[in-house]
Amino acid sequence: MKALRKLKQKHLLRGTAADTAYWTIREALREGVLGAGERLLEVELAATLEMSRTPVREALRRLEHERFLVNVPRRGLIVPEVTAEETNDLFEIREVLEGLAARRAARYLSPAELGALQGSVERMEKALQEEDTATLAEASAQFHNVLSSRRKSRLNELISLLHETIAGGLQQATASRTDAAVAEHRAIYEAIAAHDGELAETLMRSHVRNALQAHLSAQLAK
């Protein structure tokens with residue numbers, strides 16, 4: 001797979017060969033290069049990534065432990081499909097955690113961080129006008145990263161893991177409601193800039209609920 005080899009180039013300096021394999025496969029899962037229901041064979045992945053089977057085996061074990069992959073009897077490692085019930089659970093948790101992150105951001109973000117948050121919103125608005133979906137997705141991710149990256153905490157780790165788990169569907173969901181999503185980010189930023197933590201949390205939770213509905217609609221449309 002050319003796409004998988006291309007992703008590998010981004011992670012060559014991650015550390016060991018196992019680290020490179022891990023981050024390459026993980027990003028392939030995140031970006032949908034490896035889709036739900038797909039069977040992952042160690043020997044094929046090793047050949048594609050042009051490395052020995054040992055680091056690929058280590059990477060697959062780690063991804064299975066982190067539940068990015070599941071081991072199905074008589075089939076082996078499979079990219080799992082997320083059910084509607086599981087999706088609801090994930091977004092419900094995300095709503096609470098990201099709402100809390102927005103409330104905290106209203107209290108703790110520095111002027112420089114608020115500037116970065118504003119910049120990401122302005123990038124989204126410009127990308128929306130230019131119909132630049134790649135920049136729009138990148139700016140949206142930057143917005144959420146600013147909210148959760150100030151302090152290395154368990155909250156931030158949990159939010160990051162949730163984003164990894166539902167990333168592919170989120171991209172489809174965002175693409176289906178770009179105008180509304182950008183307006184919601186603008187409103188959240190303004191609440192944070194005004195240091196109104198309660199409003200920031202309320203708006204963020206509404207934003208996540210709207211993303212869930214778009215996510216489910218995108219899944220039904222497949």
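For every other residue with a beta carbon closer than 14 angstrom to the beta carbon of Leu49, add +1 if it is Lys or Arg and -1 if Asp or Glu, then tell me the sum.
On the way: positive: Lys2, Arg5, Lys6, Lys8, Lys10, Arg14, Arg26, Arg53, Arg57; negative: Asp19, Glu27, Glu42, Glu44, Glu50, Glu58.
Every neighbour counted, the sum reads +3.
For Arg186 and Ala47, calculate 0.36 nm times their separation in residues minus their Cα-Cα distance, and state this gained length in nm to one decimal. Intermediate results must be reported in sequence, preceding the final value.
Values: separation 139, 0.36 × 139 = 50.04 nm, distance 4.58 nm.
45.5 nm is the gain from fully extending Arg186 to Ala47.
How far, in nm, would the chain grow between Arg5 and Tyr108 when pulled straight, counting 0.36 nm per residue and subtracting the alpha carbon separation? Walk me through the numbers before you get to the answer.
Working: separation 103, 0.36 × 103 = 37.08 nm, distance 4.07 nm.
Gain on extension, Arg5 to Tyr108, equals 33.0 nm.
For Phe143, what charge total do you get from the other residues with a beta carbon under 12 Å from its beta carbon, if Lys and Arg give +1 and Asp and Glu give -1?
Working: positive: Arg123, Arg186; negative: Glu98, Glu113, Glu122, Glu125, Glu138, Glu184.
Around Phe143, the charge tally is -4.
Note down the magnitude of the dipole of region 32-88 about its Cα centre, charges +1 on Lys and Arg C-beta and -1 on Asp and Glu C-beta and zero elsewhere, to the nearest 20 debye. The partial results should precede the final answer.
Values: 8 positive and 10 negative charges, 53 e Å.
So the magnitude is around 260 debye.
Could you run the Debye sum over the Cα atoms of region 66-121, one equal point scatterer each and no solvent, and tell me log10 of I(q)/I(0) at q = 0.21, 0.22 Å⁻¹, two decimals?
Values, matching the q order: -0.85, -0.88.
Provide, in order from the shortest bin, the percent of all Cα-Cα pairs of the chain in each 10 Å bin, continuing until the bin that contains the maximum pair distance.
Percent of pairs per bin, in order: 8, 30, 32, 23, 7, 0.
Which of the helices in the chain, when you take each full DSSP H run, stretch at least 24 Å along the axis at their Cα atoms and have an average Kyte-Doolittle score of 0.0 or higher?
154-175
Within the chain, what whole-number % of the accessible surface is contributed by carbon and sulfur, with the 1.4 Å probe and all protein chains included in the calculation?
Numbers: 6200 of 12330 Å².
Looking at the chain in its full context, I get 50 percent from C and S.
Please report, to two decimal places, log10 I(q)/I(0) for region 67-161 at q = 0.13, 0.25 Å⁻¹ as given by the Debye formula with identical point scatterers on the Cα atoms and no solvent.
-0.62, -1.19
Work out how much length Arg75 to Asp132 would gain on full extension: take 0.36 nm times their residue separation and subtract the Cα-Cα distance, in nm to one decimal.
Values: separation 57, 0.36 × 57 = 20.52 nm, distance 3.99 nm.
Gain on stretching Arg75 to Asp132: 16.5 nm.
Using 1/(1 + (r/R0)^6) with R0 = 25 angstrom and r between the beta carbons of His65 and Ala116, what's the FRET efficiency to the nearest 0.05? Show your work: numbers first, answer last.
Values: r = 34 Å, r/R0 = 1.35.
It comes to 0.15.
What ranking do 81-93, 11-23 get when scored by the average of other Cβ atoms within 10 Å per residue, highest first?
On the way: 81-93: 13.7, 11-23: 16.8.
The densest-packed peptide leads the list: 11-23, 81-93.
Compute the FRET efficiency between Arg57 and Glu198 as 1/(1 + (r/R0)^6), taking r as their Cβ-Cβ distance and R0 = 45 Å, and round to the nearest 0.05. Let's see the in-between values first.
Working: r = 49 Å, r/R0 = 1.10.
Given R0 = 45 Å and the Cβ-Cβ separation, E is 0.35.
With springs only between Cα atoms under 10 Å, which of Met124, Met51, Met204 fluctuates most in a Gaussian network model of the chain?
Met51
Measuring with a 1.4 Å probe in the full set of protein chains, what accessible area per residue, in whole Å², belongs to the chain?
Details: 12330 Å² over 222 residues.
Per residue, the chain has an accessible area of 56 Å².
Number of Lys pairs in the chain with C-alpha atoms less than 28 angstrom apart, excluding same-chain neighbours closer than eight positions? Intermediate results must be reported in sequence, preceding the final value.
Values: Lys2/Lys10; Lys2/Lys222; Lys6/Lys222; Lys8/Lys152; Lys10/Lys126; Lys10/Lys152.
Taking the Cα cut-off of 28 Å, the pair count is 6.
Given the -39500 (n - 2.57) contribution per DSSP H run of 4+ residues, what per-residue ellipticity at 222 nm results for the chain, rounded to the nearest 500 deg cm²/dmol?
Working: 10 runs with 168 residues, N = 222.
It lands at -25500 deg cm²/dmol.
The values are calculated or read from the model by the stated rules, or taken from the named source; none is laboratory data. From a predicted model like this one, the values you see are computed outputs, not experimental measurements. Here the Cβ is made from the backbone with ideal geometry for all residues, glycine too, and neighbour counts use every protein chain on show. Heavy atoms of the whole protein, side chains included, go into the accessibility calculation; ligands, DNA and RNA do not. Shrake-Rupley method; radii C 1.70, N 1.55, O 1.52, S 1.80 Å.
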